[in-house]
Amino acid sequence: MKTLLVVACALVDADNRVLITQRPEGKALAGLWEFPGGKVEQGELPEDALIRELQEELAVTTWKSCLAPLTFASHAYDDFHLLMPLYVCRKWEGQPLSRENQALKWVRPNRLRDYPMPPADEPLIPALIDLL
């Protein structure tokens with residue numbers, strides 16, 4: 001089974017709310033909420049991938065020094081295994097914008113379970129609740 005490395009980010013605002021995005025129609029798992037991020041390309045470092053994905057998806061700029069690894073998810077889907085480190089980021093430039101037709105929502109960590117998420121994202125929630 002192929003292992004897919006995907007990075008995710010918990011952008012945390014001044015009120016300790018976390019940004020989640022809704023997968024748009026036409027994508028796998030459409031309608032579910034997730035932490036922003038994406039696939040790590042061949043030869044790319046996870047932090048570089050996350051910086052790139054945040055710029056592409058949300059028009060925000062951040063730096064390696066602002067990404068703190070928090071936890072990770074390891075989840076077996078039917079046709080691949082997902083390994084997903086979750087980073088916390090509290091400092092960035094720009095206001096998050098929807099560049100890929102995804103809905104955006106700032107949510108308190110203890111309310112994250114109110115939003116249906118892919119199976120790989122759900123195990124990340126307790127670490128955020130403990131942190132924030």
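Based on DSSP H segments of at least four residues, each scored -39500 (n - 2.57), the chain has a per-residue ellipticity at 222 nm of -4500 deg cm²/dmol.
Taking only alpha carbon atoms, the chain gives an Rg to Rh ratio of 0.92, where Rh is the Kirkwood radius. The slack between Q55 and E100, meaning 0.36 nm per residue of separation minus the straight C-alpha distance, is 15.1 nm. Annotation: for a label point projected 7 angstrom from Cα along Cα→Cβ of K91, residues of region 104-132 with backbone N closer than 20 Å are 132. Sequence-ordered 3J(HN,Hα) estimates for region 34-43 from the Karplus curve with 6.51, -1.76 and 1.60 and θ = phi - 60° stand at 8, 7, x, x, x, 5, 8, 6, 3, x Hz, glycine and proline given as x. Label-to-label distance, R111 versus A68, with points set 7 angstrom from Cα along the beta-carbon direction: 2.3 nm. Placing a pseudo-label 7 Å from each Cα along the Cα-to-Cβ vector at L132 and D79 gives an inter-label distance of 3.3 nm.
Values quoted throughout were computed directly from the atomic coordinates according to the rules given, and no laboratory measurement underlies them. Since this is a predicted model, take the numbers as computed values, not measurements. No Cβ is skipped: glycine too gets one built from the backbone with ideal geometry, and neighbour counts run over all protein chains shown.
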